Structures are given as structure tokens and as C-alpha cells.
Amino acid sequence: MKDTFYVTTPIYYPNDVPHIGHAYTSVAADIIARYHRLRGERVFHLTGTDEHGLKLQRAAEAAGVDPRTWVDRMEPRWREVWSRLDIAYDDYIRTTEPRHEAAVAQLLQAVYENGRDDIYPGIYEGLYCVSCELYYGESDLEGGNCPIHGRPVELLREENYFFRLSAYRDRLLEHYEHHPEAVQPEVRRNEVLSVIRGGLQDFSISRTSFHWGIPLPWDPRHVCYVWFDALTNYITAAGYGSDPERFGRMWPADVHLMAKDILRQHAVYWPAMLMAAGVEPARQVWAHGYLLVGGEKMSKTKLTGIHPFELIDHFGVDSYRYYFMREIQFGQDGNFSWESMVERHNADLANGLGNLLSRVLAMLAASFEGRVPPPDGTGAEGDLPAVAADVLGRYEGHFGRMELSSAVGAAWDLVGRVNQYLVEREPWKVARDPARQEEAGAVLYAAAEALRILAVLISPVMPGAAARVWEQLGIAAPLGAQRLPEAAAWGGLAPGTVTRRGEALFPRIDA
Ligand code: MSP
């Protein structure tokens with residue numbers, strides 16, 4: 001029985017190193033996975049590299065090495081980025097691994113033998129974009145070039161096996177009618193429906209013009225088409241064909257996350273391939289927008305790629321993760337700019353959360369020897385408990401609808417309210433009056449308690465910063481053991497807790 005929340009990223013092409021566009025998807029997937037862990041769910045977060053195909057073979061040729069040497073050299077360059085970005089994946093798949101080659105062979109064989117001739121031989125001639133690893137029709141092109149990469153396509157002609165996608169039109173439409181949530185957001189769903197309604201063409205699933213791929217089990221002169229190979233990774237890692245018990249716990253995947261560039265492969269090819277093999281399609285394909293630089297999709301092909309380290313070195317990993325999730329409405333295209341990143345860092349992190357933590361801890365140190373005082377039972381906390389409860393409700397609602405930017409924004413409403421509350425209650429003044437110690441203590445209790453709740457809420461987004469807040473608050477129970485919603489209920493901070501003022505959470509950055 002399925003018992004695991006299963007989220008995936010695309011498996012990336014290691015023909016080159018990652019840029020912040022790839023990292024955008026991986027950070028989002030990690031935040032989703034961490035959020036579900038925080039809710040106490042069993043989670044499986046899969047990522048990896050897509051290592052076969054013509055694009056890879058050509059990158060290797062250009063470097064003067066064989067494809068295997070090339071992918072072995074490049075793959076660690078991806079993992080090093082995920083590691084510095086605090087991406088806590090549960091499995092990392094490489095399509096050159098034997099477990100994957102076995103799963104692809106099984107899936108191919110299952111479709112080949114399904115009794116409906118869904119795989120048949122033929123000759124293909126068409127216009128091919130190597131960057132996309134995709135054939136295009138004349139009408140798809142823009143000025144004769146690939147609509148995604150703006151590069152010339154090539155005329156390829158070869159003997160292929162085809163997959164009878166055209167036969168799946170009605171079943172796909174029916175599937176999406178019964179499962180409106182299966183492609184999101186809504187604009188992407190409409191796009192997919194119109195592609196399917198417009199009629200589907202069979203696509204070739206093998207290549208004979210080069211050899212860097214997985215051989216077809218029934219005709220090893222052919223290697224499997226890289227997209228058929230790559231999409232299969234999602235079931236390989238879940239135990240397809242090797243571990244039925246595990247496969248039952250994992251599949252169908254809950255969310256395949258990606259940008260809209262590869263929506264068609266995920267929402268049209270992939271479910272049809274699975275249907276042809278008698279496997280249930282994934283529950284959801286969620287396609288976010290593009291990260292733009294100067295108004296254009298950032299890409300290595302167009303030489304606008306920025307390596308994540310360039311930003312992490314300057315802003316730190318937590319600020320990095322926060323910026324991209326907060327700044328860009330999840331689902332829409334969004335511009336990256338250095339200026340907006342500096343501004344967000346200083347306003348929301350250094351002056352917002354960071355300053356709040358340091359002020360509260362400084363006042364606790366000055367007036368209460370760093371110990372959390374008790375709440376006074378006279379309502380000194382004001383509306384903070386109600387605001388925290390409201391924020392939690394919205395935060396969970398937004399996460400449920402994949403509104404990641406709004407979920408993060410909800411937590412910042414609490415930051416804003418606590419800062420304002422301190423201005424209103426002036427605990428630094430109240431504490432100077434010996435007769436009002438209890439009141440000053442209760443106000444600081446409320447502020448510290450709000451910080452505890454904030455640490456829990458930001459932990460999926462900024463796991464490092466959340467851990468530092470937790471540590472400075474001096475809470476003994478591990479942050480990793482906190483579960484929503486209980487951990488965000490008001491009153492969890494124990495009076496008497498010894499706080500430990502530490503370094504500034506987010507030092508300001510000069511513009
Ligand atoms: N290998 C295929 C995916 C196979 S999945 C079965 C592939 N790889 S890729 O390296 O080109 O990665 C594409 C993905 O990287 C996008 O779908 C998106 O998740 C991410 N992005 C790459 N550039 C991006 C932007 N400029 N903006 C947002 N996401 C970006 O396609």
C-alpha cells in the first residue's frame with residue numbers, strides 16, 4: 001500500500017555544470033520534501049542526472065573523451081551544488097546505473113509485449129534539436145530555429161522504433177478529466193489538454209545513428225531514445241521491476257516538479273508510456289515558470305547561466321534559498337537580479353528576522369540573565385498567539401496548493417507583527433521599572449515564543465538558519481523532531497530555558 005510522499009526533480013543533463021535555473025527547481029523540491037517531513041510524513045525525494053543521448057555524446061566528443069568518462073567527471077559537479085544548497089534528497093539516480101538500465105529494459109519489454117503493437121519499426125525523418133533532444137515540426141519552429149533554444153535544428157533520418165502515442169489520445173483526455181489536479185498550475189493543464197486534443201503523433205523511441213544509450217532488449221542495434229530512458233528514472237528508483245513491495249509503497253509519485261520547458265514529455269509522453277505498460281500515471285505534474293535574466297530564460301546554451309556558488313558565496317545558502325522562493329511567484333516566470341537579492345537579504349533577513357532575534361536575546365540577556373521568563377497570565381502576549389495561529393493556517397494552506405512564495409510570505413507576516421508588537425510594548429523601557437518586571441518578562445516570553453514558532457515554520461526553507469535560531473533560543477528538544485501542526489501551537493517554549501546569544505543570523509550585505 002502506498003505510504004510515502006514521493007517528489008521528484010527532473011534528472012539534469014550533465015553535459016555542463018548546473019546554473020541557478022536548475023537549482024531553482026531543486027530548491028523548490030527540497031522545500032516541498034522538507035515540509036512534508038515536518039508534517040510527519042514518510043518522504044522520498046529523488047533527483048539525479050540524465051546521462052545518455054546525443055547531447056551528452058557531443059559534449060564528450062567536444063572535450064575529447066568518451067561519454068562514460070565525461071559523465072563520471074561531470075556528475076560530481078552537480079552533487080557538490082546540491083550538497084552546498086542543503087538539498088536533502090533521499091536517492092540520486094544516474095541513468096547509466098545498472099538498476100536503471102534494467103528498469104528501462106523491463107518497461108520497454110512490457111510495452112513491446114502488451115499485445116497492441118504499441119511499439120513498431122519505421123523510418124523517421126525530421127528536424128531535430130539536439131539541445132532539447134526532440135524532433136520538431138516545421139510549424140513549431142521560430143525563424144527556422146528551435147523555439148526553446150533559438151538554435152538551428154538538424155535534419156535527421158534514421159531507422160527507428162516508434163511508440164504509438166496517437167492511440168492514447170482518449171485515455172489521456174479521460175485521465176485528465178477525472179484528475180484535474182494531475183497537471184498544474186491551471187494554465188499548464190489547459191496547455192496540455194489542447195496539445196492532446198490537437199492530436200498526438202507517434203514518436204520514435206530508438207536511435208541507430210549513435211550508440212550512447214540503453215540497447216533495446218529485442219533489437220540491440222538500436223539504443224533507447226533518451227527521453228524514454230530518462231522518464232523511466234522515476235519508476236526505477238521506486239523499485240519498478242525489482243522490488244514490487246517497495247514499488248507499492250512509493251508509486252504513483254505525488255509530484256513531478258519541473259519547469260514548463262519539459263511539460264509535454266511529462267504530461268503527454270510519460271503517462272501514455274505508463275498506461276501502455278499497465279502502470280498507473282503519477283498523481284501530479286507541476287510545471288513552474290522560468291528564471292529569467294534580463295527578461296530571457298536563463299540557459300547555458302544562451303550563455304546566460306550563473307553558477308549557484310557565485311551567489312551562495314556572497315549571500316549564504318539560507319539567503320539564497322529564501323530569495324528564490326520568496327521573490328518569484330511559484331508558477332510564474334521571474335527575473336533574477338543582484339539588486340533585488342541584496343534588497344531582500346537586507347530588508348527581510350538582516351533587518352527582519354535577524355534583527356528580531358538579536359534584539360529579543362539582547363533584552364533577555366540584559367534583564368533576565370538570558371533565561372526565558374514565564375508568561376504572566378494577564379494577556380501581555382496580546383494578539384501574538386492569534387496571529388501565529390492564523391499564519392500557520394495560511395502557511396499550510398499555501399503549501400497544500402504549492403503556493404511556495406505565499407507560504408514563505410505568511411511566515412514573514414509573523415516576523416512583521418512581532419517587531420511591531422515590541423515597538424508597542426517597549427519591553428526595554430518596562431524592564432527598567434522594578435515594579436513591572438513580570439510584565440517585561442511576559443512580553444519577552446511572547447516574542448521568544450514567536451521566534452520558536454518561526455524557527456519551525458522556516459525550517460523547510462532555511463534549514464540552516466532555523467537551526468541557528470533554535471540553538472540561540474537554547475531549546476533542548478531537537479528541531480528535527482518537531483512536527484506540524486503541534487510544534488507551532490502557542491506556548492511550547494519552556495520558561496527557564498537558557499538562551500545563548502550567538503553571531504548575527506544574517507549580517508547585512510553592502511549593495
Ligand atoms: N534531462 C532532461 C530532463 C529529464 S527528466 C526525466 C532535461 N534536463 S535539463 O538539464 O535541461 O533540465 C531542465 C530543467 O532544469 C527544467 O525543467 C527546470 O526544472 C530546470 N531549469 C533549467 N533552466 C531553468 C530556468 N531558466 N528557469 C527555471 N528552471 C530551469 O531537460
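The values are calculated or read from the model by the stated rules, or taken from the named source; none is laboratory data. Treat the numbers as computed from the prediction; the structure is a model and nothing was measured. Note: ideal-geometry Cβ built from the backbone for every residue, glycine included; neighbour counts use all protein chains shown. Remember, those area values only see protein heavy atoms, side chains included, never the ligands or the DNA or RNA. Shrake-Rupley method; radii C 1.70, N 1.55, O 1.52, S 1.80 Å.
What to note about this one:
- Residue count for the stretch 287-342 satisfying the condition of being touching a residue at least 60 places away in the same chain (Cβ under 8 Å) and not hydroxyl-bearing (Ser, Thr, Tyr): 31.
- Some residue of the stretch 174-182 being buried (at least 16 other Cβ atoms within 10 Å of the Cβ), of a type outside the set (Ser, Thr, Tyr) and touching a strand residue (DSSP E or B) at 6+ places or on another chain (Cβ under 6 Å): no
- Among the residues of the stretch 240-297, those that are open to solvent by 40 Å² or more (accessible area, probe 1.4 Å), within 11 Å of the ligand (Cβ to nearest atom) and part of a helix (DSSP H, G or I) comprise 260, 261.
- In the stretch 303-335, of all residues being outside any loop (DSSP other than H, G, I, E, B) and among the acidic types (Asp, Glu), the one that is least open to solvent (accessible area, probe 1.4 Å) corresponds to 318.
- Test for residue 40: is it within 13 Å of the ligand (Cβ to nearest atom) and not basic (Lys, Arg): no
- Within the stretch 397-442, being within 21 Å of residue 186 (Cβ to Cβ) and of a type outside the set (Gly, Ala, Ser) holds for 398, 399, 401, 402, 403, 404.
- Any chance residue 101 is under 18 Å from residue 232 (Cβ atoms), assigned to a loop (DSSP other than H, G, I, E, B) and in contact (Cβ under 8 Å) with a residue 24 or more places away in the chain: no
- Within the span defined as the stretch 27-42, every residue fails to be touching a strand residue (DSSP E or B) at 6+ places or on another chain (Cβ under 9 Å), surrounded by 23 or more Cβ atoms within 10 Å (Cβ to Cβ) and part of a loop (DSSP other than H, G, I, E, B).
Per-residue answers, yes or no, for (1) part of a loop (DSSP other than H, G, I, E, B); (2) crowded, with 20+ Cβ neighbours inside 10 Å; (3) acidic (Asp, Glu):
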residue: 446; (1), (2), (3): no, yes, no
residue: 450; (1), (2), (3): no, yes, no
residue: 455; (1), (2), (3): no, yes, no
residue: 461; (1), (2), (3): yes, yes, no
residue: 465; (1), (2), (3): no, yes, no
residue: 470; (1), (2), (3): no, yes, no
residue: 477; (1), (2), (3): yes, no, no
residue: 495; (1), (2), (3): yes, no, no
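- Filtering the stretch 104-121 to residues that are of a type in the set (S, T, N, Q) and assigned to a loop (DSSP other than H, G, I, E, B) leaves only 114.
Every residue, every condition in (1) touching a residue at least 60 places away in the same chain (Cβ under 8 Å); (2) in a loop (DSSP other than H, G, I, E, B); (3) among the hydrophobic types (A, V, I, L, M, F, W, C); (4) surrounded by 13 or more Cβ atoms within 10 Å (Cβ to Cβ), yes or no:
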position: 155; (1), (2), (3), (4): no, no, yes, no
position: 158; (1), (2), (3), (4): no, no, no, yes
position: 166; (1), (2), (3), (4): no, no, no, yes
position: 191; (1), (2), (3), (4): yes, no, no, yes
position: 196; (1), (2), (3), (4): yes, no, yes, yes
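- For the stretch 424-443, the criterion of being assigned to a loop (DSSP other than H, G, I, E, B) and touching a residue at least 24 places away in the same chain (Cβ under 8 Å) is met by at least one residue.
- Filter result (open to solvent by less than 10 Å² (accessible area, probe 1.4 Å) and not in a strand (DSSP E or B)) within the stretch 201-224: 205, 214
- Count of the stretch 358-379 residues which are in a loop (DSSP other than H, G, I, E, B), open to solvent by less than 30 Å² (accessible area, probe 1.4 Å) and within 15 Å of residue 452 (Cα to Cα): 2
- Residue selected from the stretch 1-13 under the condition in a loop (DSSP other than H, G, I, E, B) and under 18 Å from the mean Cα position of the chain (by Cα), by the criterion nearest to the ligand (Cβ to nearest atom): 13
- Against the list (1) outside any loop (DSSP other than H, G, I, E, B); (2) in contact (Cβ under 8 Å) with a residue 12 or more places away in the chain; (3) open to solvent by 10 Å² or more (accessible area, probe 1.4 Å), the condition residue 17 fails is (1).
- Test result for residue 415, part of a helix (DSSP H, G or I), touching a residue at least 24 places away in the same chain (Cβ under 8 Å) and more than 21 Å from residue 495 (Cα to Cα): yes
- For the stretch 86-130, taking the residues that are surrounded by fewer than 21 Cβ atoms within 10 Å (Cβ to Cβ) and of a type in the set (Gly, Ala, Ser), the one that is farthest from residue 317 (Cα to Cα) is identified as 115.
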